[in-house]
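The values are calculated or read from the model by the stated rules, or taken from the named source; none is laboratory data. This structure is a prediction, so every number in the text was calculated from the model and none was measured. Note that each Cβ is placed from the backbone with ideal geometry, even for glycine, and that neighbours are counted across all protein chains shown. Calculation scope for accessible area: heavy atoms of the full protein, side chains included, ligands and nucleic acids excluded. Shrake-Rupley method; radii C 1.70, N 1.55, O 1.52, S 1.80 Å.
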Amino acid sequence: MTMVYGLVLLATVLTVGLAGFSRCEGNSARRIGAGLLCAAQTPLLLATFAMAAAVLLPGQSAAIRWLAVAGIVVPALAAFHIRRFSAVGHGGTRSDRWFTVLSALVLGGGALAVVVKLVGILASNLFPVIANDALTYLAEARMFAASGNLLALVHGLGDPASGAPPTHPHTGLFSVYLGHALLFSPGPQAPGEPLGDDMPVRLAFQFTVLCLALAVVGMTILLAAGQRHALAAGAFALMAFCAFQTFEYTSFASSRDPFRLIPWLGLLSLLIEFVARRGLPPLLHLAVAATAGWLAAAHTINLYFLAVAAPAFIAATLLRRVPVWQILLIAVAGLAGLALPLMHYADNLRRIGNVLGNGMNYFHYPGTALAEAFLRYGNWSARDLSPLEALQKMLEQQGLPIGIAALIATVLLLAIAWTGPRERRTVPLMLVATFLLLLAIPLIELKRLFPIDMKEAMVSNYRYAYTVFVLSPVIMGLAVQGAVIAVEQRVNAWSGVVVLVAGIAAATLLARAELRRWRVYSAWDAPIAYRAPFKDICEAARTLPRDAIWLSDRSTVSYECGIWPVFLYSPAGRRYFLPETIEEARKVLMDDKVGLVSLEEAIPGWWPETAFYKSLTQLVDDGVYERRTFGTWQIFVRQPAKGDAAAISASPKAFIPS
């Protein structure tokens, strides 16, 4: 079934890309950019149509698998019609034609060398998923795949009877995307059964990285299509993307980040087009609604970045004197797209009093011993940094040389735009304004959320800064295009050839050198060994008495088990590490009949300083619990007392909606 899923992805991305290409107006470079940008949205489309299929046919997992694909491919084929290629650049002299041939050879060879290397890395990273966040989403995905019901993704209070563990504040869109991939897995998905082969979902993770690269290239070509060398700008953007070494995390850690960045690039492209053209055709307002909705649904943090970037769009709209009726149309389209995902956060606010629900672990620390341990932990290390120091550290984390190169390209693009024709300033100025606004976030002192603000978050977790630096390859591609055109105009065409060929050759060598530093496992022994304890923990969970409770500080193991524990960082789990004395903690454990505790958090001074952990060790000494170590996990298993009726059943611990 892995090959079938691979063919599904290929068919979907090709049909969506061809539909975007054929429906776009303009020269072929513009249509290529639009086609690539549309094709990049494939993971979001699959998630959306799988979600729609689950609403129409709840519980029908087999039907959801194919209905989601048909819902994309059939309309895309219907939208496609053959278009004649127009000139990618502008017509010119014989020298220009030689320029085109030579630069095309260099571009094609360089891009192919980088793409082959990138795809090889993605293929090497098809190992069993071990990243904590990825396994968290996969646990939800398995529940969705097993039930075919969106209710399986509803977060509860932390106990299995109330719903899925509140492990994150995001919507379920990404989990549905992964769940759709799991529907192509041959292994059993029923609750409590072993997982089986999950290669399709590993492919789904790596596919999002490839789509992010497509989005970067597509956006660059689309924005560059008004002038010569648009394809060269796209090729350079691809190489610059690979040169940002931190993006290797997206592949190696099976990250959610490509999924959240793809609609960001799509929406920003549409907004820049809107301002540059002083309006959009009706069909593209649907695209605005879709990408806005995906942006909000793909990751909660996207809403923050959208709010910070909004002033650039508003200012550009006013300066360009966009007609009021066009502003109203795009406002309605954007709000319509945002409405559904915003309902998720509104429901959190209604039920829990917080737009993020219970989905942030640190919400449950105050008043417990973990609050002080959390503040001591150096992960949020930007607290003592000045705004400028935070900005410097953020640049260093992304790679100081390439970060400085991005800033130089930004200044160069500004200079080119400012000295160029007025009608061509909108695109680069709006792109640069958005980039600089987001880059200035560490300089913005906003109200703190708990002990963390966005300055600390962006410095302490370099993944958040992806939203800023994913624009850098686009800026660098446009800057190279502008520089080559400037050399052509001020010197001659052949000087432009030299600059372009030298630039692409250097970028190719740099990109391949950086790609060699992207992490891969030469063998899968390490990830397999990491996942091996999951089977032991699941076996312990399956053999618990009917009325026993399983506590865990990770829901990741549920991907293997297919059943939920009581999640410790939740309203239901907090009561176990809330007591201040060993006696109180021990009483809660005994009264609630806690039969299994699985702990993986290894931060020094985390669990060992709590009365909860000390009571467990005391109970081990008393012979009530047995402590076992499986890899990085510590588990505490309650020993049955004489005469206990140990009726074994895991089914009450599974939350699978009917």
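On a 1.4 Å probe surface of the protein chains, which of Phe144, Phe363 comes out largest in accessible area, and what is the full order?
The residues order as Phe363, Phe144, largest area first.
So what's the back-of-envelope 222 nm ellipticity for the chain, counting only DSSP H runs of four-plus at -39500 (n - 2.57) apiece and dividing by all residues, rounded to 500?
Per the formula, -21000 deg cm²/dmol.
Taking a ≥ b ≥ c as the square roots of the Cα gyration tensor eigenvalues, with a/c under 1.5 meaning rounded and otherwise prolate when a/b beats b/c, else oblate, which class fits segment 259-405?
Here segment 259-405 falls in the oblate category.
Evaluate the relative contact order of the chain (contact order divided by residue number), counting alpha-carbon pairs under 8 angstrom at least 6 apart; express in whole percent.
19
Determine how large the accessible area of Asp592 is when every protein chain is in place; take a 1.4 Å probe and give Å² rounded to the nearest 10.
40
So what is the diffusion coefficient of segment 579-627 in µm² per second by Stokes-Einstein at 4 °C and 1.567 mPa s, using a Kirkwood Rh over Cα pairs?
Using the Kirkwood radius from Cα pairs, D works out to 116 µm²/s.
Quick one: putting +1 on the C-beta of Lys and Arg, -1 on the C-beta of Asp and Glu, what dipole do you get for the chain around its Cα centre, in Debye to the nearest 20?
With only Lys, Arg, Asp and Glu charged at Cβ, the dipole is about 2240 debye.
Scan the chain and note any complete DSSP helix (H) whose C-alpha atoms cover at least 27 Å along its axis and whose Kyte-Doolittle average is 0.0 or more.
Counting only whole DSSP H runs, the qualifying helices are 2-23, 61-79, 94-124, 199-224, 257-277, 301-319, 324-352, 387-419, 493-515.
Number of Lys-Lys pairs in the chain under 19 Å by Cα, sequence gap 8 or more or different chains?
So the count works out to 7.
At 1.4 Å probe size, with every protein chain present, just tell me what the per residue accessible area of segment 556-620 comes to in Å².
Here the per-residue accessible area is 33 Å².
Shape of segment 425-571 from its Cα gyration tensor (a ≥ b ≥ c, root eigenvalues): rounded if a/c is under 1.5, otherwise prolate when a/b > b/c, or oblate?
oblate
Could you give the length gained on full extension between Glu626 and Leu7, defined as 0.36 nm per residue of separation minus the Cα-Cα distance, in nm?
The span from Glu626 to Leu7 would gain 218.0 nm if fully extended.
Using only the heavy atoms of the protein chains and a 1.4 Å probe, how would Leu619, Leu395 rank by accessible area, largest first?
Greatest to least solvent exposure: Leu395, Leu619.
How would you order 574-583, 486-495 from highest to lowest mean count of nearby Cβ atoms within 10 Å?
574-583, 486-495
To the nearest 10 square angstrom, how much accessible area does Lys455 have with a 1.4 angstrom probe?
10
Starting from the coordinates of the alpha-carbon atoms of segment 526-626, obtain the Kirkwood hydrodynamic radius over all distinct pairs and give the value in Å to one decimal.
Computed over segment 526-626, the radius equals 14.2 Å.
Go through Met458, Met360 and list them by solvent-accessible area, largest first, probe radius 1.4 Å.
Ranked list, largest accessible area first: Met360, Met458.
Please state the shape class of segment 599-639: rounded when a/c is under 1.5, otherwise prolate if a/b exceeds b/c and oblate if not, all from the C-alpha gyration tensor.
Verdict is oblate for segment 599-639.
Just to be sure I understand: if I project the alpha-carbon convex hull of the chain onto a plane and average over all orientations, what area do I get in nm²?
It is 29.2 nm².
Provide the solvent-accessible area of Val501, counting protein heavy atoms only and rolling a 1.4 Å probe, rounded to the nearest 10 Å².
Rounded to the nearest 10, that gives 40 Å².
Express in nm, to one decimal, how much length is gained between Glu539 and Arg350 on full extension, taking 0.36 nm for each residue of separation and deducting their alpha carbon distance.
Residue separation times 0.36 nm, minus the Cα-Cα distance, leaves 64.2 nm.
Per residue, how much accessible area does segment 397-539 show when a 1.4 Å probe rolls over the protein heavy atoms, in square angstrom?
45
Carbon and sulfur: what percent of the chain's accessible surface (1.4 Å probe)?
Summing carbon and sulfur atoms, their accessible area is 66 percent of the total for the chain.
Please give the per residue accessible area of segment 169-317, computed with a probe of 1.4 Å over protein heavy atoms only, in Å².
21
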